[in-house]
1. Kindly indicate whether Asp24 is in a helix (DSSP H, G or I), of a type outside the set (A, V, I, L, M), within 12 Å of ligand 2 (Cβ to nearest atom) and modelled with pLDDT of 85 or more.
2. Out of curiosity, is Phe285 at pLDDT 90 or above, assigned to a strand (DSSP E or B), within 30 Å of Glu455 (Cα to Cα) and out of contact with any helix residue (DSSP H, G or I) (no Cβ under 7 Å at 6 or more places or on another chain)?
3. What residue, of Leu551, Leu501, Leu492, is under 19 Å from Met392 (Cα atoms) and at pLDDT below 90?
4. For residues that are among the charged types (D, E, K, R) and touching a Ser or Thr at 6+ places or on another chain (Cβ under 6 Å), scanning just segment 351-402, find the one that is nearest to Gly341 (Cα to Cα).
5. Any residue that is modelled with pLDDT under 85 and aliphatic (A, V, I, L, M) - is there at least one of those in segment 368-376?
6. Is there any pair linking a residue in segment 407-428 that is over 13 Å from Phe460 (Cα atoms) to one that is crowded, with 18+ Cβ neighbours inside 10 Å and of a type in the set (Val, Ile, Thr), with Cβ under 6 Å and at least six apart or on different chains, and which?
7. So, in segment 225-259, how many residues would count as being farther than 20 Å from Asp198 by Cβ and either more than 31 Å from the chain's Cα centre (by Cα) or surrounded by fewer than 18 Cβ atoms within 10 Å (Cβ to Cβ) (or both)?
Amino acid sequence: TDISKIRNFSIIAHIDHGKSTLADRLIQATGGLTEREMSAQVLDNMDIERERGITIKAQTVRLTWKGHELNLMDTPGHVDFAYEVSRSLAACEGALLVVDSAQGVEAQTLANVYASIEQDHEIVPVINKIDLPAADPEGVKQEIEEIIGLDASEAVLASAKTGIGIEAVLDAIVAKIPPPRGDKDAPLKAMLVDSWYDPYLGVVILVRVIDGSLRKGMAIKFMQAGTTHLVDRVGCFTPKRTDLPELTTGEIGFITAQIKEVAETRVGDTITDAKRPAVAALPGFKEVQPVVFCGLFPTDAAEFEKLRDSLYKLRLNDASFSFEMETSAALGFGFRCGFLGLLHLEIIQERLTREYDLDLITTAPSVVYQIHLSHSKTEDAQTIELHNPADMPDPNRIESIEEPWIEATIYTPDEYLGAILKLCQDRRGIQKNLTYVGTGAHQRAQVTYELPLNEVVFDFYDRLKSITRGYASFDYHQIGYRTGDLVKMSILVNEEPVDALSMITHRGTAEQRGRGMCERLKELIPRHLFKIPIQAAIGGKVIARETISALRKDVTAKCYGGDATRKRKLLEKQKKGKAKMREYGSVSIPQEAFIAALRMG
Ligand code: GDP
Ligand code: MG
């Protein structure tokens with residue numbers, strides 16, 4: 001295709017503002033699919049994505065409009081995938097900024113706009129949902145200008161639902177977004193934007209050609225991975241898979257190259273011609289690292305193999321989470337898993353439960369700590385990365401511990417501001433900024449905090465949602481490591497530490513967390529024939545304590561004293577119940593107790 005006729009763009013929006021609906025409309029209006037082929041939403045193809053209204057895996061579509069080739073790059077819709085988002089955006093020259101005309105600018109809109117501006121994008125504002133009675137397009141225009149600093153005077157007014165303004169959106173893409181630039185005679189340089197596993201094709205790689213061209217039969221080299229492959233298929237999605245002889249300079253499309261595992265491909269890698277390689281790789285490549293870890297254990301020990309197989313299957317399509325075997329005295333055999341963030345953790349957990357029908361126990365999520373150790377008799381001073389509280393080294397050797405911090409931006413109607421400030425303060429937050437944006441009914445407070453990631457992985461989202469009844473929006477990015485007064489807190493049931501419940505916490509908030517945990521466990525662990533102490537301790541020092549009183553013998557005697565059938569039934573029931581209990585210090589802890597105890601309330 002003539003490079004001047006190509007437009008590469010993505011759609012950026014806050015969740016629910018209509019990104020997927022608009023994408024479907026654009027496909028429909030350009031004739032990519034017949035009416036009958038248009039399923040409700042083409043772009044979000046996974047159940048969980050559809051239910052949660054987020055896009056996890058990018059899907060990209062080529063549209064034809066008035067003699068132009070428009071490549072719509074779909075981007076993942078969550079902060080956990082910030083790096084993937086940055087690469088998808090780097091593959092485009094512009095973006096449609098979709099803002100719900102009844103909601104206005106939200107935290108995630110902003111995060112995405114900034115990422116888009118960083119890529120020098122031409123941004124075309126689209127004010128969506130103008131069919132709604134509560135639509136306030138003028139107010140939203142003003143907000144876009146005030147908050148983002150973009151000229152919104154030529155914003156397209158649209159309704160992705162009813163189809164108003166869809167042609168105007170397509171015309172604006174052609175008129176406002178610049179064509180790509182690149183050298184078609186230079187050695188091939190293409191960016192690996194995404195990859196996924198297809199049962200028929202193997203690994204499919206989404207690419208943006210920067211210079212040169214990509215043809216079938218070509219030997220290509222992945223500059224970061226250092227591997228070489230033979231291209232066996234080249235094409236694009238319309239959204240139907242369409243094979244092409246080549247992808248030329250500026251184009252976006254897919255290739256396959258007989259690659260077996262997604263783990264062999266790295267987002268942001270540079271693909272070049274093995275025979276005539278480019279001199280330098282593209283900038284911006286990053287190795288993604290898991291930031292949140294937790295243990296996943298099958299509720300039923302017999303399901304360990306099934307869990308392992310399921311994790312392998314999921315990893316076929318998502319190389320960004322990691323897992324290794326872990327054993328826990330309380331929970332038996334399981335896996336220590338690493339994720340890009342909390343939502344990523346939830347998605348994998350949910351897929352294991354739903355698609356693979358597994359019953360799981362998740363241990364307290366933990367971030368990655370940098371622990372500086374002094375030298376010992378046998379070892380030099382060193383720094384280790386800790387992502388399992390169970391592996392905490394000897395406290396006597398610890399010089400200092402660093403933890404990851406984030407900068408969070410929260411948008412909220414004024415009435416919830418007080419509760420939010422308190423929540424952030426309780427979580428060791430440092431307030432950086434507080435301003436008001438928008439006017440009238442749209443006015444909201446924008447507050448920026450620096451927070452330790454540790455305090456956020458616990459239950460920050462849930463708390464925020466509940467105190468603001470879902471009206472606040474939240475976004476964050478990591479800002480590096482800082483030294484903190486951190487300690488390992490153990491939970492002891494009947495004098496024995498329960499490893500699955502131990503956690504790293506700040507000394508200042510340890511007591512509060514410990515007390516909460518003991519109180520919850522007291523509610524959750526059934527009474528036994530003996531008294532059960534529940535303790536939270538740092539080192540040898542108990543910082544919180546509860547006691548479950550003993551069941552009186554005569555009570556059980558009476559209970560078992562009835563007729564024979566009733567007694568047998570009871571015993572059977574007990575036996576069944578036992579399968580779902582874990583013995584701990586001769587105390588039986590129900591599985592649900594672990595899960596419930598980890599939910600901070
Ligand atoms: P996404 O999360 O940005 O991809 O948003 P979706 O496209 O999934 O849309 C979220 C919700 O808004 C869905 O229920 C859509 O049907 C609805 N929606 C999208 N566009 C419009 C619109 O123009 N008008 C109205 N009334 N609803 C819309
Ligand atoms: Mg969507």
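1. yes
2. Taking the combined requirement at face value, the residue does not satisfy it.
3. Testing whether each residue is under 19 Å from Met392 (Cα atoms) and at pLDDT below 90 leaves just Leu501.
4. Applying the first criterion (among the charged types (D, E, K, R)) to segment 351-402 yields 351, 354-355, 357, 359, 377, 379-380, 385, 391, 394, 397, 399, 402.
Applying the additional criterion that residues be touching a Ser or Thr at 6+ places or on another chain (Cβ under 6 Å) yields 359, 397, 399, 402.
Numbers: Asp359: 22, Arg397: 30, Glu399: 28, Glu402: 18 Å.
Ranking the candidates gives Glu402 first.
5. Going residue by residue through segment 368-376, those that are modelled with pLDDT under 85 are 376.
Checking the rest, the ones that are also aliphatic (A, V, I, L, M) come to none.
No, the conditions are met nowhere in segment 368-376.
6. From residues that are over 13 Å from Phe460 (Cα atoms), the pairs are Thr412/Ile420; Thr412/Thr468; Tyr416/Thr468.
7. Let us first name the residues in segment 225-259 that are farther than 20 Å from Asp198 by Cβ, namely 226, 228, 245-246, 248-251.
Checking the rest, the ones that are also either more than 31 Å from the chain's Cα centre (by Cα) or surrounded by fewer than 18 Cβ atoms within 10 Å (Cβ to Cβ) (or both) come to 226, 228, 245-246, 248-249.
Total meeting the criteria: 6.
So that you can scan it fast, the table gives a plain yes or no per residue for (1) hydrophobic (A, V, I, L, M, F, W, C); (2) more than 16 Å from ligand 2 (Cβ to nearest atom); (3) surrounded by 24 or more Cβ atoms within 10 Å (Cβ to Cβ); (4) within 16 Å of Val437 (Cβ to Cβ):
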{"residue": "Glu93", "(1), (2), (3), (4)": "no, yes, no, no"}
{"residue": "Gly104", "(1), (2), (3), (4)": "no, yes, yes, yes"}
{"residue": "Val124", "(1), (2), (3), (4)": "yes, yes, no, no"}
{"residue": "Asn128", "(1), (2), (3), (4)": "no, no, yes, no"}
{"residue": "Asp136", "(1), (2), (3), (4)": "no, yes, no, yes"}
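The values are calculated or read from the model by the stated rules, or taken from the named source; none is laboratory data. Since we're looking at a predicted model, the values are computed, not measured. Please note: Cβ atoms are built from the backbone with ideal geometry, for glycine as well, and neighbour counts cover all protein chains shown.
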